[in-house]
Amino acid sequence: MNDRIKIGITCYPTLGGSGVVATELGKILAERGHEVHFITHSMPFRLGRFDRNIFYHEVEVSDYYVFRYPPYDLSLASKLAQVAQMQKLDLLHVHYAIPHAVCALLAKQMVGEQLKVVTTLHGTDITVLGQDASISDLIRYAINNSDAVTAVSQDLIRETVESLDIVRPIDLAYNFVDKRVYYPRDVGELRLDYARPDEKLLIHISNFRPVKRVTDVVDVFEKVQREVPAKLLFVGEGPDLPKVMARVRELDLTEKVIFAGKQDDVAQIISLADLMVLPSEKESFGLVALEAMACGVPTVGSNAGGIPELVTHGEAGFLAAIGDTESMAAYAVKLLQDEALYARVREACLHRARYTFCNDRITRQYEEIYYRVLGRE
Ligand code: GMT
């Protein structure tokens, strides 16, 4: 590598897909010879071991008693400036406009124009926060003043432009999976802990927020198991978990539904399953569907947001309108009963995950964006 970049990365280290993508991106950039500094409030959960070219700087929030609310954003901005100066960073790549891009722009003002800011939009900042008039001006400011802005789907670009009146260009950089980690794993006897050999295993993984419509997963499963012997495996926890458990009881499915709680080795657990169910109301991308595709597990779900860009309907899975659990269940039954169709869809999933959404390709795209903002094209 003859043109090494020194990059600071800020993300929500413990939150879902955006934290995973930011961490995996940093790890791969480090492997490619760049110097990567994670600047976050706690160690990103996929970072773990010591790696060459990777550094971690913890943001400590002052809880001095005069502050009614601990000022995380200001602590982050000042840490970003401090690390940028001390390590002579070329750029900050921040995930989420609010608060991370705003903090990075403040750090840039402190350090100087030579420090570039690349902002990646992941969805929630636009689709949820962007609707709040009191904060949308700040999001617009963060987007308009970043040196480059990327979004994880075409749909998110469209929504950002429309809802916030953005005129500057936004680069499309899809999320990716590391094909060395996500591939169909040999699960051997382990599957028997979850389903009998004659049963299909459906899986749903999320943070159980209302936008995930997790009770729809139960409704889809209820219809599927009437036609095909099956079990349902839930991975993750969150605010709607009690509602989901109640729905399972109401539909008398307790014996057929397993709650596995939070799990780290997602590739291993997905490989146990035959089908991913993702009926979300909002989903700028749907990283979990890509993780499933890479493990050879097709998705049936909703056509919300960026999901159709990933799960091409009829080719790499099946999609229906948000809330249409009837159609989702019918697609699931068709896929699970037709072996030839299942094999074709599985092959398409593997191909798309390996070639369209693979780590090498997307990482190179980010590198090109970095070189462009640094004027090193
Ligand atoms: O969806 C969430 O609850 C978490 C959130 C996150 O920060 O990880 O997910 C957003 O970013 C992911 C990574 O880019 C996308 O795969 C998710 O679709 C997106 N969530 C929404 O748009 C609701």
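For the chain, the 222 nm mean residue ellipticity estimated from helices alone, with every DSSP H stretch of n ≥ 4 adding -39500 (n - 2.57) and the total spread over all residues, rounds to -12000 deg cm²/dmol. For the chain, the Kirkwood radius over C-alpha pairs fed into Stokes-Einstein at 25 °C and 0.890 mPa s yields D = 114 µm² per second. The calculated pair-distance distribution of the range 188-356 uses every alpha carbon pair, bins of 10 angstrom beginning at 0, and gives 11, 44, 39, 6, 0 percent.
Taking 0.36 nm per residue of separation and subtracting the current Cα-Cα distance, fully stretching the chain between R68 and R158 would add 28.6 nm.
Packing around the peptides 212-219, 98-105, taken as the average count of other Cβ atoms within 10 Å per residue, puts them in this order, highest first: 98-105, 212-219. Just checking the listed ones, T254, T299, T23: in the Gaussian network model of the chain with Cα springs under 10 Å, the one fluctuating most is T254. Relative contact order, whole percent, for the range 188-356 stands at 22, derived from Cα pairs under 8 Å and 6 or more residues apart. Scattering from the range 5-123 was approximated by placing one identical point on each alpha carbon and applying the Debye formula without solvent; log10 I(q)/I(0) at 0.16, 0.22 1/Å stands at -0.69, -1.28. Taken as Cα centroids, the range 338-377 and the range 186-219 sit 26 Å apart, rounded to the nearest whole angstrom. Neighbours of V59, meaning other residues whose beta-carbon lies under 11 angstrom from its beta-carbon, give a summed charge of -2 when Lys and Arg score +1 and Asp and Glu score -1.
The trypsin sites (Lys or Arg not before Pro) found in the range 244-288 that occupy coil by DSSP, while having at most 10 further C-beta atoms within 10 Å, are K262.
Taking all Cα pairs closer than 8 Å and separated by 6 or more residues, the relative contact order of the range 223-273 comes to 45 percent. Highest mobility in the GNM of the chain, judged by mean-square fluctuation with C-alpha springs under 10 Å and restricted to G238, G188, G123, is found for G188. Take the Cα of D165, go 7 Å toward its beta carbon, and the backbone nitrogen atoms of the range 130-150 under 19 Å from that spot belong to 130-146. The mean sequence separation of alpha-carbon pairs under 8 Å and at least six residues apart, normalised by the residue count of the chain, gives a relative contact order of 13 percent. Between E60 and D186, residue separation times 0.36 nm minus the direct Cα-Cα distance comes to 41.2 nm. For the chain, the Cβ-based charge dipole about the Cα centre amounts to some 680 debye (Lys, Arg positive; Asp, Glu negative; other atoms uncharged).
Beyond 20 Å in Cα-Cα separation lie the following of the pairs K116/K282; K200/K223; K88/K116; K79/K116: K116/K282. When each of the peptides 273-279, 346-352 is scored by the mean number of other C-beta atoms lying within 10 Å of its residues, the order from highest to lowest reads 273-279, 346-352. In whole percents, the pair-distance distribution calculated for the range 264-370 from its alpha-carbon pairs, binned every 10 Å from zero, is 16, 46, 30, 7, 1.
Bridging of K6 to aspartates and glutamates at a Cα separation below 15 Å is possible for E31, E35, D90, E367, E368, once same-chain residues fewer than 8 apart are set aside. Given +1 at the Cβ of Lys and Arg, -1 at the Cβ of Asp and Glu and no other charges, the dipole of the range 1-159 around its Cα centre is 360 debye to the nearest 20.
The numbers here are math on the coordinates, done by the rules we state, and not lab data. Just so you know, these numbers come straight off a predicted model, no measurement behind them. Cβ atoms come from the backbone with ideal geometry, glycine included; neighbour counts cover every protein chain shown.
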